[in-house]
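Visitor: Quick one: the structure is below, and I'll ask about it shortly.
Just so you know, all these numbers are worked out from the coordinates, no wet-lab data involved. Note that the coordinates shown come from a computational prediction; the quantities given were computed from them, not determined experimentally. When we count neighbours, we look across all protein chains shown, and the Cβ atoms used for this are built from the backbone with ideal geometry, even at glycine.
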Amino acid sequence: MKLQLEKFGKTLISRELGSEAFKAFQSTLRELSKDEELEIDFSGVLTLSPSWADEFLSPLFDLIGSRLVLLSSDNLSVHATLRILQEVNKRPFIYKQTS
Amino acid sequence: MEEELLTISQAAEYLGVSLNTLRRWDESGKLIAIKKDGGTHRYYREKDLEIFASDMMKFASEWIKDGVEFPSRFYCPTSSIFNARLTKMEYELMQKPGFEKLYSLIVLIAGEIGDNSFAHNLGKWPDTAGIFFGYDLAKGVIVLADRGLGVLETLRQVRPQLPSHVVAVTVAFTEFISGRAPEKRGNGLKLVREVVTDQPIDLFYTSGDAEVRMKGSDKKFHVTRGQRIVRGCLAKIEF
């Protein structure tokens, strides 16, 4: 399953909205089968902040672990935010290179 | 040709303050009105109002210090209004030559600092809810401020032993707070510090009597004790 993160907005800043997004995503997440990967596509996102991502990606990572796969992005805020979240969660995300 | 003057009502609308505020500012000398031919009606030059409204640091610091009214265009009473204005700034910044990629890090910094104000004062604002958010992209300045609890009082909810504003601000910018609930301030400000260190972005941040100045080529992070106590938080981002 692939999730276009920009469906939650192009400017993903506030902790409150990150938490709302995670709740809203639960119904879709239930459709993910046991062995299926969830790919996160950051294209179209203009700014991603650690507060928003900590409310969305961190709990998602806790929930599905290595089945969470991130697509690469050239956005500087996405890079910076993912770097700090890995430090906070003390484990690296899994990346898939797009061709 | 005679310059067209704005009436006091037009000036009030331009700045987003009341007529009484303008009268008071005239009497105190803060923003002096023009009086034609010895009359009593107050008039203003648009250029003067523009210059007056551009001093964002003055408005922000007077507001958090003494609750002094400021032009409403800088006021974000709720998080959703802040987000909407931040998105507008993001769009404008993306168009600025040289900022085609850097814009997202500047928006990240402003967004984290502004969102912190709302996240940590929700239901706890001592008086005025909301934040000051002003920017001038031509000059490369963003100013954010709040009249909230400040970093020390917020962090004491999870670290009751914190001795001072300086230590609290240092912790906020450098440490991951373990078992963070209900306090989640740590991570965002840590990333703000890292981004400011690496990028051509300067930061001034103050809360209580603690001050952070990261400027120029030597951007070592350290927190110093300032001359005055600031209510809530005040930040100036320059690029």
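Visitor: Before rounding to the nearest 500, sum -39500 (n - 2.57) across all DSSP H runs of length at least 4 in the protein assembly as shown and divide by the residue total; then give [θ] at 222 nm in deg cm²/dmol. Before the final figure, lay out the partial values.
Guide: Numbers: 12 runs with 145 residues, N = 338.
It lands at -13500 deg cm²/dmol.
Visitor: Could you work out the mean count of beta carbons from other protein chains within 10 Å of each residue's beta carbon in A:76-84? Don't jump to the answer; show the numbers that get you there.
Guide: Working: counts 9, 12, 2, 2, 10, 8, 0, 2, 8.
Going residue by residue through A:76-84 and averaging, the value is 6.
Visitor: With a Förster radius of 22 Å, plug the Cβ-Cβ distance of B:His222 and B:Asp198 into 1/(1 + (r/R0)^6) and report the FRET value to the nearest 0.05.
Guide: On the way: r = 17 Å, r/R0 = 0.77.
The calculated FRET efficiency here is 0.85.
Visitor: Counting pairwise Cα distances across segment B:6-53, what percent come out greater than 15 angstrom? Please list the in-between numbers first.
Guide: On the way: 387 of 1128 pairs.
So the pairs more than 15 Å apart make up 34 percent of the total in segment B:6-53.
Visitor: So how compact is chain B: Cα radius of gyration and Dmax in angstrom?
Guide: Considering chain B through its Cα atoms, Rg and Dmax are 19.5, 68 Å.
Visitor: A further question follows. If you take the alpha carbon radius of gyration of the protein assembly as shown and divide it by 2.2 N^0.38 Å, what ratio comes out, to two decimals? Let's see the in-between values first.
Guide: Numbers: Rg = 22.2 Å, N = 338, 2.2 N^0.38 = 20.1 Å.
So the protein assembly as shown has a normalised radius of gyration of 1.11.
Visitor: Still on this structure, please answer the following. Using packing as a proxy for protection, rank B:43-53, B:227-237 so that the peptide with the highest average count of other Cβ atoms within 10 Å comes first. All intermediate terms of the calculation are to be shown ahead of the outcome.
Guide: Working: B:43-53: 15.3, B:227-237: 19.5.
Result, highest mean Cβ count within 10 Å first: B:227-237, B:43-53.
Visitor: While we're looking at this one, here's another question. Given an 8 Å cut-off on Cα distances and at least 6 residues of separation, report the relative contact order of segment B:56-238 as a percent.
Guide: Details: 313 pairs, mean separation 40.2, N = 183.
22 percent.
Visitor: Using Cα pairs closer than 8 Å and at least 6 residues apart in sequence, work out the relative contact order for chain A, in percent. Show your work: numbers first, answer last.
Guide: On the way: 141 pairs, mean separation 31.4, N = 99.
Relative contact order here is 32 percent.
Visitor: Rounded to the nearest 20 debye, what is the charge dipole size of segment B:4-155 about its Cα centre when +1 sits on each Lys and Arg Cβ and -1 on each Asp and Glu Cβ?
Guide: On the way: 18 positive and 21 negative charges, 39 e Å.
Its charge dipole is roughly 180 debye.
Visitor: Please report, in whole Å, how far the alpha carbons of segment B:105-152 spread along each principal axis, starting with the longest.
Guide: Per principal axis, max minus min of the Cα coordinates gives 35, 19, 16 Å.
Visitor: Rounded to the nearest 20 debye, what is the charge dipole size of segment B:103-239 about its Cα centre when +1 sits on each Lys and Arg Cβ and -1 on each Asp and Glu Cβ? Walk me through the numbers before you get to the answer.
Guide: Working: 18 positive and 15 negative charges, 60 e Å.
So the dipole magnitude of segment B:103-239 works out to roughly 280 debye.
Visitor: In chain A, how many lysine pairs have Cα atoms under 21 Å apart, counting only pairs 8 or more places apart or on different chains?
Guide: Number of lysine pairs found: 9.
Visitor: Compute the FRET efficiency between A:Lys34 and B:Glu175 as 1/(1 + (r/R0)^6), taking r as their Cβ-Cβ distance and R0 = 51 Å, and round to the nearest 0.05. It would help to have the intermediate numbers written out before the result.
Guide: Numbers: r = 38 Å, r/R0 = 0.74.
Efficiency computed from Cβ-Cβ geometry: 0.85.
Visitor: Hey, how many Å between the Cα centroid of segment B:35-79 and the Cα centroid of segment B:192-234?
Guide: A separation of 26 Å, based on Cα centres.
Visitor: Which pairs in the list B:Lys139/B:Lys215; B:Lys58/B:Lys220; B:Lys215/B:Lys236 are over 18 Å apart, alpha-carbon to alpha-carbon?
Guide: Numbers: B:Lys139/B:Lys215 16 Å; B:Lys58/B:Lys220 26 Å; B:Lys215/B:Lys236 11 Å.
The answer is B:Lys58/B:Lys220.
Visitor: Can you give the mean number of other chain Cβ atoms that lie within 10 Å of the Cβ atoms in peptide A:4-17? Intermediate values should be presented prior to the final figure.
Guide: Values: counts 0, 0, 0, 0, 0, 2, 3, 12, 3, 14, 12, 10, 7, 4.
Partner Cβ neighbours, averaged per residue: 5.
Visitor: Taking other Cβ within 10 Å of each residue's Cβ, how do A:His79, B:His41, B:His165 sort, fewest first? Kindly include the intermediate steps, with their values, before the conclusion.
Guide: Working: A:His79 16, B:His41 11, B:His165 23.
Taking fewest neighbouring Cβ atoms as first place, the list is B:His41, A:His79, B:His165.
Visitor: Right, something else. Please arrange B:Tyr14, B:Tyr91, B:Tyr135 by counting, for each residue, the other beta carbons lying within 10 Å of its beta carbon, fewest first.
Guide: Working: B:Tyr14 17, B:Tyr91 14, B:Tyr135 22.
In order of increasing Cβ crowding within 10 Å: B:Tyr91, B:Tyr14, B:Tyr135.
Visitor: Moving on to the next point. What shape does segment B:67-193 take by its C-alpha gyration tensor, where a ≥ b ≥ c are the square roots of the eigenvalues and a/c under 1.5 counts as rounded, a/b above b/c as prolate, and the rest as oblate?
Guide: oblate
Visitor: Residues of B:96-109, mean number of Cβ from any other protein chain within 10 Å of their own Cβ, rounded to a whole number? Mind dumping the intermediate values first?
Guide: Working: counts 0, 0, 0, 0, 0, 4, 2, 5, 13, 7, 3, 7, 14, 4.
That works out to 4 on average.
Visitor: Further question on the same structure: What Kirkwood hydrodynamic radius do you get for segment A:19-89 when you take the inverse of the mean 1/r over all pairs of distinct Cα atoms, in Å? Show your work: numbers first, answer last.
Guide: Details: mean 1/r = 0.0785 Å⁻¹.
That comes to 12.7 Å for segment A:19-89.
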